[in-house]
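The values are calculated or read from the model by the stated rules, or taken from the named source; none is laboratory data. Small disclaimer: the values here were computed from a predicted structure and weren't measured. With ideal geometry, Cβ positions are generated from the backbone for all residues, glycine too; neighbour counts draw on all protein chains shown.
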Amino acid sequence: MITAKHSKNLNLPHLPKKRSLYNKLLSYFPSIVFASWAGTYLDLYFVGKNLYEFPVRPLSEIFSINIAFTLIGLPIITAIFLFFAKRIEGWRRWGLMIVGSAVASMGERLSEYSGFFLHTEEWNHSYSFFGYLLFLVMIWNVFKWTNIGLSKKMS
């Protein structure tokens, strides 16, 4: 068997190491945990202020928020968002965040019509759009910040 080694006399750069699937998935983990944590505490805050409620939720006698969404749904949605966001650049990523915020806001309204989510009369649905946009920007920045060291290690 013949193996090729990088000659020390050449000035060519080393080829970057390929990241394993485990390392790729691990790179999402801090952002997903942050999203779940932030979503949980935002829900607790807004439910505590009586701005919205979750009439249908698992373990309703224990939790005032829908923990199924914050512990399962939100991490999955975050992973999907990050998967696409890291593959596009600049204004396209902003477009993804804007479209994602609009879709999330529409999903919120659909959830209201289905009886899973209720807002007070004072709630303005434009709050949701801008809140989701800010949330996605924060998630993206956490992802970039937590992956700075990984990208340097792997190159």
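Matching residues to (1) over 28 Å from Pro58 (Cα atoms); (2) assigned to a helix (DSSP H, G or I):
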{"site": "Ser111", "(1), (2)": "no, yes"}
{"site": "Glu122", "(1), (2)": "no, no"}
{"site": "Leu133", "(1), (2)": "no, yes"}
{"site": "Val137", "(1), (2)": "yes, yes"}
{"site": "Lys144", "(1), (2)": "yes, yes"}
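Here is a yes/no grid of residues against (1) in a helix (DSSP H, G or I); (2) surrounded by fewer than 17 Cβ atoms within 10 Å (Cβ to Cβ):
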site	(1), (2)
Gly39	yes, no
Pro58	no, yes
Glu61	no, yes
Ile65	no, no
Ile77	yes, no
Phe81	yes, no
Quick check on my filter: what residues within segment 30-88 are small (Gly, Ala, Ser), farther than 15 Å from Gly131 by Cα and out of contact with any Ser or Thr (no Cβ under 7 Å at 6 or more places or on another chain)? Gly48, Ser60, Ser64, Ala68, Gly73, Ala79, Ala85
So which residues in segment 41-56 are charged (D, E, K, R) and part of a loop (DSSP other than H, G, I, E, B), if there are any at all? Lys49
For segment 73-95, give me each residue that is more than 12 Å from the chain's Cα centre (by Cα) and at pLDDT 95 or above. Arg92, Arg93, Trp94, Gly95
Can you find even one residue in segment 87-107 that is in a helix (DSSP H, G or I), within 30 Å of Lys24 (Cα to Cα) and among the basic types (Lys, Arg)? yes
Within segment 111-128, identify whether any single residue is within 30 Å of Leu26 (Cα to Cα) and surrounded by 12 or more Cβ atoms within 10 Å (Cβ to Cβ), and answer yes or no. yes
Go through (1) more than 18 Å from Ile77 (Cβ to Cβ); (2) surrounded by 15 or more Cβ atoms within 10 Å (Cβ to Cβ) for Lys144 and report which single condition fails. (2)
Name the residues in segment 3-24 that are surrounded by 12 or more Cβ atoms within 10 Å (Cβ to Cβ) and at pLDDT 65 or above, would you? Asn23, Lys24
